[in-house]
Each structure stands twice: as C-alpha cells, then as structure tokens.
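K.L.:
Sharing a structure with you now.
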Amino acid sequence: MENIKIAVDGPAGSGKTTTAKIVAENLGYVYIDTGAMYRAVTLKAMRDAVKFDDASLAEMMQSTEIELRTSDRGQRTILNGEDVSEDIRLPEVTKNVSPVSAVGCVREKLVAMQRELGRAGAVVMDGRDIGTEVFPNAELKIFLVASVEARAERRTLELSRSGIEFSVEEIKKQITDRDHYDSTRKISPLRKASDAVEIDTSDMTIEEQAIIIIDAARKIIKA
Ligand code: CDP
C-alpha cells in the first residue's frame, strides 16, 4: 500500500496546516488545505455582498471556481483566476467563515472537489470533516487537539508575523466562538472520527507532532 490518504482534522490553531504540510513533504504526498477553500468561498460572498443563506450562496457557487496551485511560494489559493492566498487569512474572512461553511450547498460543492482531488491517494488533507465525511475510509486519521491557551498563543504569533495585531485574549475568544460554531452545526460538524488517532499538541513542537504522523503513515504504507 503506497498511496494512502491521510486525514488531519481538529479545531482552530491546533497546528493542522503546518503539520500536514511537513508530513506531505516528507512522504512526497500532495497537501490539500480544505480550510483555504471555505475561506475563498467566504471571501467571494463578502466581496459580492451575497447573503449567507442556501439560495443566495447556491447561485454564487455557480460562478465560483476555486483552484489550489502549487508554486515556489507554497500552495496558493486561486479564486476565479485571482490569487487570494493572503486575503483569505484576513480577520474579516476568519470571522465569517464558519457561518458560510455551515451552508449545505457550499459543503456539497467543496466536498465533491476534495474527494476528486484526493481520489488517487498519496494525499494529506486537513480540515474539520475529512475523516468523518470527505474520506471516511482514509487509511490514517489524525485528530489534533491542544489547549485553547496554546492555540490562541500560536495564532496570535502567526497573525503578528503578517502584521495583524490582536491580544491573546481576543484571539482566544475568536477561536472559542469558531470552534463552537463548527462543532454544533447540523452538517458535518467538527468531531473526532471513532477510528482517528488523537494527538494533544499543547506541549509539542510542530516537528514532534509531524514525526508521530509520519511514523504512523510509514507503518501503514509498509504493511
Ligand atoms: O486554520 P484554521 O484552523 O484557522 O481554520 P481553517 O482550517 O482555515 O478553516 C477555516 C474554517 O473553515 C473553519 O473554522 C470551518 O468553519 C471551515 N472548514 C470546514 O467547515 N470544513 C473543513 N473541512 C475545513 C474548514
């Protein structure tokens, strides 16, 4: 078994993206950031002043093309031909992404795209519902968790590096609210798949958590 699917799910700031990227690079796999896709749809809805309801978003989705492109600057998110990789990380987008992601037509279209992108395997996909909904048969499922304090500190630092300043307390509130929204929505809420391996990353470095996943993946690949 060489081309397995690795699902990495977990709440905001648990280190999914950074870890999943390292794992993919190490295994020579493709990395797919599904959060970036939900963020791009949210950005489009905000720019076009589209209401966050099923009918309005369904119409918008007909003229929404999202592409994930690999470049020498890493993975880029392309929305209708425009590189929006920076804009999708803006605080306004982060604030609105959960309500948009909870809408059925948005999930339907993006989940279909994600299944297609990962169909051949050799993929590390991160998000909220990868192990439960997108690839319930993934050979390896990881659920990353960390204390809200650790997650808020990491996210505050990350934003500060891109020139966006928030206090740790503000970020703590934002991620707590988003986790609550993501975990209680009706369609594909954030939850650990029963066969997922849970890793608490509160006191781990990115390298440490990546090594645990790489080792687990190699064992499955060898078997
Ligand atoms: O990186 P961070 O944890 O802040 O979030 P993200 O992975 O970029 O995801 C942003 C938002 O998209 C989440 O808060 C969810 O509302 C939504 N999302 C989702 O519903 N399903 C996924 N598979 C991935 C993200």
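The values are calculated or read from the model by the stated rules, or taken from the named source; none is laboratory data. All values reported here derive from a predicted model rather than from experimental measurement. Using ideal geometry, Cβ is built from the backbone for each residue, glycine included, and neighbour counts are taken over all protein chains shown. With ligands, DNA and RNA removed, areas are computed over all heavy atoms of the protein, side chains included. Shrake-Rupley method; radii C 1.70, N 1.55, O 1.52, S 1.80 Å.
K.L.:
With (1) within 13 Å of the ligand (Cβ to nearest atom); (2) out of contact with any strand residue (DSSP E or B) (no Cβ under 8 Å at 6 or more places or on another chain); (3) modelled with pLDDT of 95 or more as the list, and Glu59 as the residue in question, which single condition is left unmet?
P.N.:
It is condition (1) that Glu59 fails.
K.L.:
Can you name the residue in the stretch 15-60 that is among the hydroxyl-bearing types (Ser, Thr, Tyr), over 25 Å from Val148 (Cα atoms) and touching a residue at least 24 places away in the same chain (Cβ under 8 Å) and, of all such residues, is surrounded by the most Cβ atoms within 10 Å (Cβ to Cβ)?
P.N.:
Tyr31
K.L.:
Exactly one condition in (1) open to solvent by 20 Å² or more (accessible area, probe 1.4 Å); (2) within 17 Å of the chain's Cα centre (by Cα) is not met by Ala223; state its number.
P.N.:
Here Ala223 clears every test but (2).
K.L.:
I need every pair where a residue in the stretch 73-85 that is under 14 Å from Tyr38 (Cβ atoms) and among the aliphatic types (A, V, I, L, M) has its Cβ under 6 Å from the Cβ of a residue that is in a loop (DSSP other than H, G, I, E, B) and open to solvent by less than 50 Å² (accessible area, probe 1.4 Å), sequence separation at least 6 or different chains.
P.N.:
none
K.L.:
Just need a number here: residues in the stretch 69-124 that are small (Gly, Ala, Ser), within 15 Å of the ligand (Cβ to nearest atom) and modelled with pLDDT under 95.
P.N.:
Count: 1.
K.L.:
Examine the stretch 92-107 for a residue that is open to solvent by 50 Å² or more (accessible area, probe 1.4 Å) and in a strand (DSSP E or B), and state whether such a residue exists.
P.N.:
Checked the stretch 92-107: no residue is open to solvent by 50 Å² or more (accessible area, probe 1.4 Å) and in a strand (DSSP E or B).
K.L.:
Does Val41 meet the test of being under 26 Å from Lys186 (Cβ atoms), within 16 Å of the ligand (Cβ to nearest atom), part of a helix (DSSP H, G or I) and touching a Leu at 6+ places or on another chain (Cβ under 8 Å)?
P.N.:
yes
K.L.:
Quick test for you: out of Ser162, Ser147, pick the one residue that is among the hydroxyl-bearing types (Ser, Thr, Tyr) and more than 23 Å from Gln209 (Cα to Cα).
P.N.:
Just a single option satisfies the conditions, and that option is Ser162.
K.L.:
Here's something else I'd like to know. Only one of (1) at pLDDT 95 or above; (2) in contact with a helix residue (DSSP H, G or I) (Cβ under 6 Å, 6 or more places away or on another chain); (3) more than 12 Å from the ligand (Cβ to nearest atom) is not met by Tyr181, so which one is it?
P.N.:
Every condition holds for Tyr181 apart from (3).
K.L.:
What pairs can you find where one residue is in the stretch 175-201 and under 16 Å from Asn137 (Cα atoms) and part of a helix (DSSP H, G or I), the other is hydroxyl-bearing (Ser, Thr, Tyr) and near the ligand (Cβ under 10 Å from one of its atoms), and their Cβ atoms are less than 7 Å apart, with a gap of 6+ or different chains?
P.N.:
Short answer, once both residue conditions are applied: none.
K.L.:
Looking at (1) among the β-branched types (Val, Ile, Thr); (2) closer than 25 Å to Glu25 by Cβ; (3) surrounded by fewer than 17 Cβ atoms within 10 Å (Cβ to Cβ), find the lone condition where Thr201 falls short.
P.N.:
Failed condition: (3).
K.L.:
Looking only at residues in the stretch 160-172 that are within 14 Å of the ligand (Cβ to nearest atom) and under 19 Å from Ser202 (Cα atoms), which one is surrounded by the fewest Cβ atoms within 10 Å (Cβ to Cβ)?
P.N.:
Across the stretch 160-172, the extreme among qualifying residues is Lys172.
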